[in-house]
Structures are given as C-alpha cells and as structure tokens.
1. Please state which one of 105, 169 is closer than 22 Å to residue 213 by Cα, surrounded by fewer than 22 Cβ atoms within 10 Å (Cβ to Cβ) and more than 16 Å from the ligand (Cβ to nearest atom).
2. If I go through the range 93-146 residue by residue, how many of them are touching a helix residue (DSSP H, G or I) at 6+ places or on another chain (Cβ under 9 Å), small (Gly, Ala, Ser), more than 27 Å from residue 368 (Cα to Cα) and assigned to a helix (DSSP H, G or I)?
3. When residue 231 is evaluated against the numbered criteria (1) touching a Gly at 6+ places or on another chain (Cβ under 6 Å); (2) within 16 Å of the ligand (Cβ to nearest atom), which criterion, by number, is the only one it fails?
4. Determine if the range 237-258 includes at least one residue that is of a type outside the set (A, V, I, L, M), surrounded by 20 or more Cβ atoms within 10 Å (Cβ to Cβ), within 12 Å of the ligand (Cβ to nearest atom) and under 13 Å from the mean Cα position of the chain (by Cα).
5. Of all residues in the range 244-290, which are at pLDDT 95 or above, charged (D, E, K, R) and either within 27 Å of residue 63 (Cβ to Cβ) or in a strand (DSSP E or B) (or both)?
6. On the given criteria, is residue 121 under 22 Å from the mean Cα position of the chain (by Cα) and without any contact (Cβ under 8 Å) to a residue 60 or more places away in the chain?
7. Select, from 363, 341, the only residue that is modelled with pLDDT of 95 or more and out of contact with any Pro (no Cβ under 9 Å at 6 or more places or on another chain).
8. Hey, does the range 206-223 have a residue that's within 16 Å of the ligand (Cβ to nearest atom), buried (at least 24 other Cβ atoms within 10 Å of the Cβ), of a type in the set (Gly, Ala, Ser) and in contact (Cβ under 8 Å) with a residue 60 or more places away in the chain?
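The values are calculated or read from the model by the stated rules, or taken from the named source; none is laboratory data. Everything quoted here is computed from the prediction, not taken from an experiment. Neighbour counts are summed over all protein chains in view; Cβ atoms, including those assigned to glycine, are modelled from backbone coordinates with ideal geometry.
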Amino acid sequence: MREIEILAAPGRGLFVPGETGVYLRPLDLEHDGAGRAYVAGEADRLLGGGPHRFQRAEVILRSIDRIVAFSGQIDNLRDWALDAGCQDLFDAAIFNLTRRHAMLAGKYWERPLVMGIVNVTADSFSDGVDRRDPAVAVSHAHALIAAGADFIDIGGESTRPGSAGISRAEEIARVVPVIEQSVGFGVPISIDTSKAAVMEAALSAGASIINDVTALTGDPESLGAAARAKVPVMLMHMREGPRTMQDDPQYDCAPLDVFDYLAGRIAACERVGIAPGSLIVDPGIGFGKNDLHNASILARIGLLHGLGVPVMLGASRKSLIARLSLDEAPNDRLGGSLALALGAVEQGVQILRVHDVAETRQALTLRQAVLDAR
Ligand code: YH5
C-alpha cells in the first residue's frame, strides 16, 4: 500500500488533469443543536444537509507517482483548486459532501443511529446459546430495541473469514421467522444477506432495509431485486469473498480504493434505478483487509461522505480489535468497539452497527453532553 504524504501546504503542479484523483475529507465537524443546523444560506457547509457544519477539509490527491494530502479552510482550498485547474472536481466533491440526505426508514440524522446486530447463525459462541433458535434471536432483538437500537440487522449467514456459505432455503428458514416475530417491536429491520431470494423473502416478512456485504454483487439477481423493492440499501466494500478475502489483500491506498469501489457501486445502483437517496455506504472493516488497511480506512472514514450518501460502520467486536490489543475474545472487545465507534462519529459517521447497543448509546450520549457544554 502506498503512503499518503502529508504536506504543510499544497504547492504547485500537484494536480495533473486526467491523471489525478481528488478526494475531500471534512475536518473539525461542529455539531449544531436542533434547528440551528438548517439555517438558510449556510447549507454549503453542512455535511449531508446537517447537523454537522465544517469549515475545513483535507484534500487528498492521487496521481501515478504520489499520493499527497493537505488541509485548510474550504475557501482557501477552493482558491487553490481554481489555481490548479481542478475547480470542477473540487466543487463536485463539495456538492456531494453537502447534499441533503433523505430520511432513512423514517429516521432523521440529528444524532448517530445505532443498528443492533441479531445473528441467527451457527457460529459457536462461548455463552453456549444456540443462535439458530428463532425464540433466542427474537428475544435478543427485543432486548436490543429496549436498549435503544434505532434499527436491528438480522442475518442468517456467517460472513466471518473462512466461512462457507449456506443454501438460500436454509438462510430463509433461519431469518424469516425472526423477522416476522420482530416487526411488531416497532423499529425498522434490515436483512443482512447477499442473496436476492433471501432479500425478497425477508422484505415480504417485514424487513424494510437491505444490508449487503457484497454491495449487490454477490448474486446476479440482487441489483434487480433491490431496484424492484424500492427500499434503502446498505452497500459494503469487500475484497473477494468471505472464504478467501483474508489471503494477503492488496490495495494501492485502502481508503481511496474503498471510496472508488463504493462510487462504482452507487453508479451501478443508479443505472438500475436505485436512487442515491436510498443508499448508505460502509467500508467493510475486516472484509479483505489487514490491520493497516483497516486502521487507514478508519483514520479517514470521513472521506466516504464525498460519495454523497450516509456512511455506516461495523467494527463492533471485530478481530482487528483483538489483534491490535491483547488478543481478547469477542465478548471482551467492548472497549475497542466503543473507541472505534466514537472515532468514526468524530468524522460524522451516521450509523453504527453494533452488538452492544446500551453501551454504545451511553458512550454517544456522554460524548454529546460534553460537546453541548462548549
Ligand atoms: C459490516 O461491517 N459485518 S457480519 C467477526 C467478528 C465480529 C463481528 C468476533 N455484516 C458488517 O459483524 N454489514 C457483518 O468477530 C455487516 N457492515 C455491514 N453493513 C461480520 C461481523 C463480525 C465478524
């Protein structure tokens, strides 16, 4: 992976037309209290239409010979872009950063939303609970909602590194009863699947969001199924498939490569009639990435706002936490999970996919209380 060289100032000759990619990451996000975020005339500085205002950004330029980054006030950066001959690309990036997001399944964006994870898989957990039992999954969903989950994400297939797939019929048999018995709890349900038939069965059972770790590439039918369903779709980045994804993954620059991939998937969705207003992007922490890739992506996750759609993160209990810390078991990774979640929220990430809903809500609430006291 190539390094991003940090420059004190932009300098001349960095932008070569036709050869240099321009990426913008908003910096120093300020959260405005309810109402103030939507003041007319200031919309050009509001991330996704609100509630975060930004006056500064980091510009990253990728060309064949180097990748450089520099930061500054938006107005000064725009002067640089004018001078360098890339004002069109710069303005397009600002347009995407500030494009007002549509509501998601009836939710506004005034605070980070928390999606609680409900696994209906055969993964053996140390607690010895059989997660394929629908009653266990339903009571878990209920507990997550009581703890403050804005959504629940129900998945029947393990996508852990090295795991083999299960059949459509098996996956449907696992998730549908859980969805049917959880719709009454009153929060939107997303279906975590890469199979079109499972998406369709789950939506019929009452799910209202598609969460696909293959960004609708895992099944030739899924782009069409998602377009027909007209529901929000979460597009996640992954390299290869779960079976082989951790076999020495390579990137030129992980954060930028993930950005480009997701931009391509948004374009593919638009071509089949899925509007950007119903898309959400996710860098796919741990999916075909080594620790350095994961950390570099998290360091610059705010870049993904330049795709013009809300950004979500799923880092909860993932094995990178154990590898970068003390090899803790999944149930002992709450500290790392919260640290990664708060770091992402600092960069404006709008949705957190987590196991520990109550603890995540508590961390977010305290963070906001301290910010509000400024
Ligand atoms: C995600 O990031 N991840 S399934 C290994 C673990 C813990 C958790 C114990 N579906 C994502 O959660 N959907 C999954 O080690 C996802 N984003 C989105 N959108 C993997 C998972 C996990 C894996």
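1. Going through 105, 169 in turn, just one is closer than 22 Å to residue 213 by Cα, surrounded by fewer than 22 Cβ atoms within 10 Å (Cβ to Cβ) and more than 16 Å from the ligand (Cβ to nearest atom): 169.
2. Residues in the range 93-146 being touching a helix residue (DSSP H, G or I) at 6+ places or on another chain (Cβ under 9 Å), small (Gly, Ala, Ser), more than 27 Å from residue 368 (Cα to Cα) and assigned to a helix (DSSP H, G or I): 3 in total.
3. Of the numbered conditions (1) touching a Gly at 6+ places or on another chain (Cβ under 6 Å); (2) within 16 Å of the ligand (Cβ to nearest atom), the odd one out for residue 231 is (1).
4. yes
5. Matches in the range 244-290: 252, 257, 260, 265, 282, 289.
6. no
7. The conditions single out 363.
8. There is no residue in the range 206-223 that is within 16 Å of the ligand (Cβ to nearest atom), buried (at least 24 other Cβ atoms within 10 Å of the Cβ), of a type in the set (Gly, Ala, Ser) and in contact (Cβ under 8 Å) with a residue 60 or more places away in the chain.
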